[in-house]
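Participant: I'd like to ask some things about the structure below.
Since every read-out is calculated from the coordinates, none of them should be taken as a lab result. Keep in mind that this is a model prediction, so the values were computed, not measured. Cβ: placed from backbone, ideal geometry, glycine included. Neighbour counts: every protein chain shown.
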Amino acid sequence: QNTINKIAAGEVIERPASVVKELLENAIDAQATAVTIEIKEGGTTLIRVTDNGCGIPKDQISLAFLRHATSKIKSVEDLFTVSSLGFRGEALASIAAVAQVELITKTGDSLTGFRYQIEGGAERGLEEVGAPDGTTFIARNLFYNTPARKKFLKRPVTEGAYVADLVEKIALSHPEISIRFIQNNQNKLYTSGNHNLRDLVYTVYGREVTANLLPIDVQAQDIKVSGFIGKPLIARGNRNYENYFINGRYIKSSIISKAIEEAYKPYMMQHKYPFTLLHFSIEPEFLDVNVHPTKMELRFRDGELMFKTVLNAVGEALSHREL
Ligand code: ADP
Ligand code: MG
């Protein structure tokens, strides 16, 4: 099947969290090792993402805001190799169409940085500025020019919570990147980027969750899985504590969730859903990806093998020691 059919067209930007997601993915694609995300009013008035990545060369800045100006996509299969998160080349164009955008960027081999401004899709100028290597992207007043879409936004607290959730997931999926999240001038999250998953769990979930982690490390045929299973914080709980990533991407999968819960059942006390942080490495041929701009639906070529692998891996870990 061809790529175009699989990637449905559509609007990417629904809310502040979608802006943050696109900007974070760009920062990751730019090889950043440290990223700061700042929002105000749930991201409705201000979103700022600063990275120390490769920067954008002067002559490509305005091009990057054209639709389909991707330097990345190749195929849908590529999405699940570790190469790149971007694939449609319309994020910057979509954001700039509905917000007041300021971009400051500097590449390593340029003496100065540049500031580029674009509002509601209209360019407002490009000038030289002093800047560190990397990119700062600021989006102000999201949907200021599309009141109909602005009306669909929830209250700033709710939008802010969506952003916080997303930043958490991305931080958990990238233990090698130091991620800092500032909400209304308050530090909300600051991960070390030291590659250590346990440290990461501590930073995101705190002492209690970290104290009860059982390691998982399994290689079965084409599936490699490593991470932790543990006790969630709240008794009633939900699947929010089940984190799993495939080749660096945060996904949802009922096969994986069911396998985790099945393995956990004999051990569960009052917690139906355990805490998990699992990183899978899987050959792309094993995945069947159906991509929509805002959600990721994933099927496995051999769902049964996937189910059994997760069931065994989690069951193994649990059998060694009590939670
Ligand atoms: P995509 O990520 O799908 O390629 P985007 O619209 O998100 O499309 O970005 C357009 C282009 O702008 C990217 O392909 C990349 O070359 C450049 N770019 C965007 N953000 C950054 C960044 N933070 N650092 C370096 N380059 C960036
Ligand atoms: Mg992108």
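Participant: For Val157 and Lys308 in the same chain, what is the full-extension length gain: residue separation times 0.36 nm, less their Cα-Cα distance, in nm?
Facilitator: 50.3 nm
Participant: Still on this structure: Taking θ = phi - 60°, what integer Hz values does the Karplus form 6.51 cos²θ - 1.76 cosθ + 1.60 yield along region 149-160, in sequence order, with x for Gly and Pro?
Facilitator: For region 149-160, the Karplus curve yields 6, 4, 4, 7, 6, 7, 4, x, 4, 5, 4, x Hz.
Participant: Roughly how many Å is it from the Cα centre of region 20-71 to that of region 192-221, as a whole number?
Facilitator: Value for the Cα centre distance between the two parts: 28 Å.
Participant: Relative to 2.2 N^0.38 Å, what does the C-alpha radius of gyration of region 123-275 come to as a ratio? Two decimals please.
Facilitator: Region 123-275 yields a ratio of 1.30.
Participant: How far apart, in nm, are two points set 7 Å out from the Cα along the Cα-to-Cβ line at Arg198 and at Asn185?
Facilitator: Spacing of the two 7 Å Cα→Cβ label points: 3.9 nm.
Participant: Against the 2.2 N^0.38 Å scaling, with N counting residues, where does region 210-263 land? I'd like the Cα-based Rg ratio to two decimal places.
Facilitator: Computed over Cα atoms of region 210-263, the ratio equals 1.19.
Participant: Tell me, Arg140, Arg15, Arg301 in order of fewest to most beta-carbon neighbours within 10 Å?
Facilitator: Exposure proxy ranking, most exposed first: Arg301, Arg140, Arg15.
Participant: Let me ask something else about it. What is the extension gain from Ala211 to Asp59, computed as 0.36 nm multiplied by their sequence separation minus the C-alpha to C-alpha distance, in nm to one decimal?
Facilitator: Length difference between fully extended and current span is 49.6 nm.
Participant: When the Karplus curve 6.51 cos²θ - 1.76 cosθ + 1.60 is applied with θ = phi - 60°, which whole-Hz ³J(HN,Hα) does each residue of region 113-120 get, with x for Gly and Pro?
Facilitator: Result, rounded to whole Hz: x, 9, 10, 10, 10, 8, 10, x.
Participant: Residue by residue, what Karplus-based ³J(HN,Hα) values in Hz, rounded to whole numbers, does region 140-145 have, using 6.51, -1.76 and 1.60 with θ = phi - 60° and x for Gly and Pro?
Facilitator: 10, 6, 4, 6, 4, 10
Participant: Take region 207-320, drop everything but the C-alpha atoms, weight them equally and run the Debye formula without solvent; then report log10 I(q)/I(0) at 0.13 Å⁻¹ to two decimals.
Facilitator: The computed values of log10 I(q)/I(0) come out as -0.46.
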